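**Q** Structure below; questions to follow.
The values are calculated or read from the model by the stated rules, or taken from the named source; none is laboratory data. Keep in mind it's a predicted model, so treat the numbers as computed, not measured. As a convention, Cβ positions derive from the backbone with ideal geometry for all residues, glycine included, and neighbour counts pool all protein chains shown.
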Amino acid sequence: MAPALTETALGTQSADYDKTIKAIFPDGIKTSGQLNPNYDQLASYDSLPREITGPTVWDAEDYKNNPERWTHHFSADETAEMSDAADMFIASGTSLTGITKEKYSLPRMSAFLESLRKEILNGKGFLLFKGMPVEKWGNHKSAVAYMGLGTYLGYFVSQNGLGHVLGHVKDVGADATQIDKVRIYRTAARQFFHADDCDIVGLLCIARSLEGGESDIASSHEVYNTLQREQPDVVETLSQPIWYFDRKGEVSEGQGQYTKQPVLYKETGADGRIYTKWDPYYVHSLSRFSDAGIIPALSEAQQKAARVLEETCQRLALHMILEVGDIQFLSNAHVLHSRTAYKDHAPPLPRRHLMRLWLATPEGEGGWKLPFSDSGHKKRGGVQVNDTAPRAPLDAE
């Protein structure tokens, strides 16, 4: 039998994310990183709704033949406004990590972007922009325009132990079978349905693959309703704080190598919504600890829940293909996403390349009220190792 898990094994709750360090972080705000929940704020299965209603629940059939409902083509005026703002920002000499709404002004687009933010957080949870001229602008100007858009949706959080606030989804030759060490976005392997460690994720397509690498998304609330009707035992298993998530070595001093939490949360306060945190790669990679008897191995109920969750997402998914210049923004609170495996073009053609943003929306600024100590922190979530400074490289490292 595995030994009882203690708070010592889980490690400290925070890495002083609320301290201000202007010398390291341009705005003085540090990403909080991967935390354990406040266990006394977790909801039991009996308190969860039997059915979720509202705009966060959607059927792929409602969208797959109606792309106008979830795509927005940048107009000539919008492209010109973004171009001018990017040129002014570049001329200022400011580092990409220092970009803000004030330094990337979009007066004509700002109202639309605010409505988009609300739609992502509280509506269907996704939108696909089309037509950013990335081939004309090149990586630097495209990154400025893309991150500039992101400032209207949330706060940049670090995506890995290197402090990347501009990430790059690209096959760099990492071994996808080494899931305890390798982040799958650095390989060409399939990604199963998951949610990232942030409130909103953005993907800008710089270059497409030869084949594969296509995107699927699903409303986790539609998935939840389906499971409640068909296999409520799966929902109950997913709602229990018995799931261990790997930090994959991206650990601050004093932190444990993993967190322990449920997959399904209920927001704190009255009328709390159901929030989903899931990534099977971060669950299955912990066999090095379960094999050693440090944490329990996945039970039969957990293995079933993981399998049924993936199968249900696949059944209910909306499929989309990102073309060069497309930007996909998704809520991680109530949308799960995946991608197919892919094969790159042979050199000298470029490899598949997506620029990625992880954005935080604290509860005091319209974000979800989560049972975590950092729920009100501007840069909640993400991956932060000690005081690693934010970085925004223009290509994969």
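**Q** Hey, does the stretch 44-58 have a residue that's of a type in the set (Asp, Glu) and either in contact with a His (Cβ under 7 Å, 6 or more places away or on another chain) or at pLDDT below 95 (or both)?
**A** Checked the stretch 44-58: no residue is of a type in the set (Asp, Glu) and either in contact with a His (Cβ under 7 Å, 6 or more places away or on another chain) or at pLDDT below 95 (or both).
**Q** Would you confirm whether any residue within the stretch 100-109 is assigned to a helix (DSSP H, G or I) and within 22 Å of PRO362 (Cβ to Cβ)?
**A** So far as the stretch 100-109 goes, no, none of its residues is assigned to a helix (DSSP H, G or I) and within 22 Å of PRO362 (Cβ to Cβ).
**Q** Within the stretch 258-271, which residues are modelled with pLDDT under 95 and either of a type in the set (Gly, Ala, Ser) or in contact with a helix residue (DSSP H, G or I) (Cβ under 8 Å, 6 or more places away or on another chain) (or both)?
**A** Matches in the stretch 258-271: GLY269, ALA270.
**Q** Another question, then. Using beta carbons and a limit of 7 Å, which pairs, at least six apart or on different chains, have the first residue in the stretch 52-70 and more than 11 Å from PHE126 (Cβ to Cβ) and the second one among the aliphatic types (A, V, I, L, M) and assigned to a loop (DSSP other than H, G, I, E, B)?
**A** Between residues of the stretch 52-70 that are more than 11 Å from PHE126 (Cβ to Cβ) and residues that are among the aliphatic types (A, V, I, L, M) and assigned to a loop (DSSP other than H, G, I, E, B), the close pairs are ALA60/ALA317.
**Q** Going by the conditions given, is LYS118 at pLDDT 95 or above, within 20 Å of the chain's Cα centre (by Cα), surrounded by fewer than 19 Cβ atoms within 10 Å (Cβ to Cβ) and in a helix (DSSP H, G or I)?
**A** yes
**Q** Could you tell me whether the stretch 301-316 includes any residue that is among the polar types (S, T, N, Q) and at pLDDT below 95?
**A** Checked the stretch 301-316: no residue is among the polar types (S, T, N, Q) and at pLDDT below 95.
**Q** Would you confirm, using the coordinates I've provided, whether LYS260 is surrounded by fewer than 20 Cβ atoms within 10 Å (Cβ to Cβ) and either within 23 Å of ALA189 (Cβ to Cβ) or touching a residue at least 60 places away in the same chain (Cβ under 8 Å) (or both)?
**A** In short, yes.
**Q** Taking only the stretch 343-394 into account, find how many residues are part of a loop (DSSP other than H, G, I, E, B) and either more than 20 Å from GLU323 (Cβ to Cβ) or touching a Pro at 6+ places or on another chain (Cβ under 8 Å) (or both).
**A** 33
**Q** Another question, if that's okay. Yes or no: the stretch 338-349 includes at least one residue that is under 14 Å from ASP196 (Cα atoms) and under 13 Å from the mean Cα position of the chain (by Cα).
**A** yes
**Q** Considering (1) at pLDDT 95 or above; (2) of a type outside the set (Ser, Thr, Tyr); (3) closer than 30 Å to ASP387 by Cβ, say which one MET82 fails and leave the rest.
**A** It is condition (3) that MET82 fails.
**Q** To continue, here is another question. Please enumerate the residues belonging to the stretch 68-108 that are closer than 17 Å to PRO133 by Cβ and among the charged types (D, E, K, R).
**A** Passing the criteria: ASP77, GLU78, GLU81, ASP84, ASP87.
**Q** Right, another one. Please work out if PRO26 is within 18 Å of MET147 (Cα to Cα) and at pLDDT below 95.
**A** So PRO26 passes the test.
**Q** Would you kindly identify the helices (runs of 4 or more DSSP H) lying entirely within the stretch 242-319 that contain at least 1 residues that are in contact with a strand residue (DSSP E or B) (Cβ under 7 Å, 6 or more places away or on another chain) and either under 30 Å from GLY123 (Cβ atoms) or of a type in the set (D, E, K, R) (or both)?
**A** Filter on the stretch 242-319 gives 280-284, 300-316.
**Q** Another question, if that's okay. Scan the stretch 162-174 residue by residue and report those that are modelled with pLDDT of 95 or more and surrounded by fewer than 20 Cβ atoms within 10 Å (Cβ to Cβ).
**A** Listed by number, the list holds a single entry, LEU162.
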